[in-house]
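Asker: This is the structure I want to talk about, given as structure tokens.
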2 protein chains.
Amino acid sequence: MAYKNYLLLFTFENWNLEFENYHPIFYFRLTTFYYFEFMIVKTPPPPYYAVIFTNTRTDGDDGYATMAEKMDALAKEQPGYLGVESVRDGLGVTVSYWESLEAIKNWKANLEHLEAQNAGREKWYSAYKTRICKVERDYEFP
Amino acid sequence: MAYKNYLLLFTFENWNLEFENYHPIFYFRLTTFYYFEFMIVKTPPPPYYAVIFTNTRTDGDDGYATMAEKMDALAKEQPGYLGVESVRDGLGVTVSYWESLEAIKNWKANLEHLEAQNAGREKWYSAYKTRICKVERDYEFP
């Protein structure tokens, strides 16, 4: 089972108040809509693999957010990718899940990803540790 | 190598302005001092074990913070405990590291921890997934 949690933020503005015979539902239009998803990844029964990437950032963005978004999208396209759980609050912990060690190896060797890894050491991360793990057992609630 | 990162918050108040011949360094006293540590855990060479605990919280505290602090302290006393990396920002990801599967099993069966696990399902967590992993390889920067 997958658990999805959404945080939704809406703002509305008056749309057309001239036509008072319109149903109230048409009086407003959605002007902005923010959608945040945080999700416990739906993974298949073990064994599968996890990459735990724990890191601390340097100050400032310096292209980091753009790169992170791009790498997220690129990772999703990789064969054997199962999903990612990523949180930052000072310390950053990103856990990506993969079908096999080979899938992880291929992703690490991806050319665009290699560029991002180099830039990460040059400017974005003050420190990181990457741990390649075999998930042997899991359980969940509810 | 261990990487420690600290966030320090100080506030000072005037201490004694009567004695103007005092050196300025004595004019203020530290009134509050907050200390946050976030750290990439120093783990031994693989293999060792990781427990990835991904979760979403219910609303409100309801004793959660007190329990979390108590469980942190209790975990540190367990044989085979290597450290923890824990972050929450909507989604919570807590990765604890252990010397062996037996150490993990003992911690899961700890009586006080069992109570906390039960209360967690009853009131603190809307969902969680726990993954028991063998760390096969790791690398770090710098």
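The values are calculated or read from the model by the stated rules, or taken from the named source; none is laboratory data. Everything quoted here is computed from the prediction, not taken from an experiment. Every residue, glycine among them, receives a Cβ derived from its backbone with ideal geometry; neighbour counts consider all protein chains shown. These accessible areas exclude ligands, DNA and RNA; they are computed on the full protein's heavy atoms, side chains included. Shrake-Rupley method; radii C 1.70, N 1.55, O 1.52, S 1.80 Å.
Asker: For the list (1) closer than 21 Å to B:GLY63 by Cβ; (2) without any contact (Cβ under 8 Å) to a residue 24 or more places away in the chain, I need the number of the one condition that B:ALA109 fails.
Answerer: (1)
Asker: A:ASN55 - would you say it is polar (S, T, N, Q), without any contact (Cβ under 8 Å) to a residue 24 or more places away in the chain and within 29 Å of B:LYS42 (Cβ to Cβ)?
Answerer: Values: polar (S, T, N, Q): yes; without any contact (Cβ under 8 Å) to a residue 24 or more places away in the chain: no; within 29 Å of B:LYS42 (Cβ to Cβ): yes.
Criteria not met by A:ASN55.
Asker: How many residues are open to solvent by 20 Å² or more (accessible area, probe 1.4 Å), within 18 Å of the chain's Cα centre (by Cα) and within 11 Å of chain B (Cβ to nearest Cβ) if we restrict to segment A:107-124?
Answerer: Total meeting the criteria: 2.
Asker: Another one. Can you name the residue in segment B:77-106 that is open to solvent by less than 30 Å² (accessible area, probe 1.4 Å) and not in a strand (DSSP E or B) and is also farthest from the other protein chains (Cβ to nearest Cβ) among such residues?
Answerer: Top of the filtered list is B:GLY80.
Asker: Assess whether A:GLU69 counts as being part of a helix (DSSP H, G or I) and among the charged types (D, E, K, R).
Answerer: Here the answer is yes, as A:GLU69 does meet what is asked.
Asker: Return the residues of segment B:125-142 that are more than 7 Å from every other protein chain (Cβ to nearest Cβ) and either open to solvent by less than 10 Å² (accessible area, probe 1.4 Å) or not polar (S, T, N, Q) (or both); say none if nothing qualifies.
Answerer: Going residue by residue through segment B:125-142, those that are more than 7 Å from every other protein chain (Cβ to nearest Cβ) are B:126.
Selection gives nothing.
Asker: If I filter segment B:44-76 down to residues being of a type in the set (S, T, N, Q) and open to solvent by 30 Å² or more (accessible area, probe 1.4 Å), which single residue comes out as farthest from the other protein chains (Cβ to nearest Cβ)? It would help to see each step written out before you state the result.
Answerer: Restricting attention to segment B:44-76, the residues satisfying the condition of being of a type in the set (S, T, N, Q) are B:54-56, B:58, B:66.
Subset that is open to solvent by 30 Å² or more (accessible area, probe 1.4 Å): B:58, B:66.
Numbers: B:THR58: 11, B:THR66: 20 Å.
Applying the filter and picking the extreme gives B:THR66.
Asker: Scan segment B:107-142 residue by residue and report those that are of a type in the set (Lys, Arg) and not in a strand (DSSP E or B).
Answerer: Passing the criteria: B:LYS108, B:ARG121, B:LYS123.
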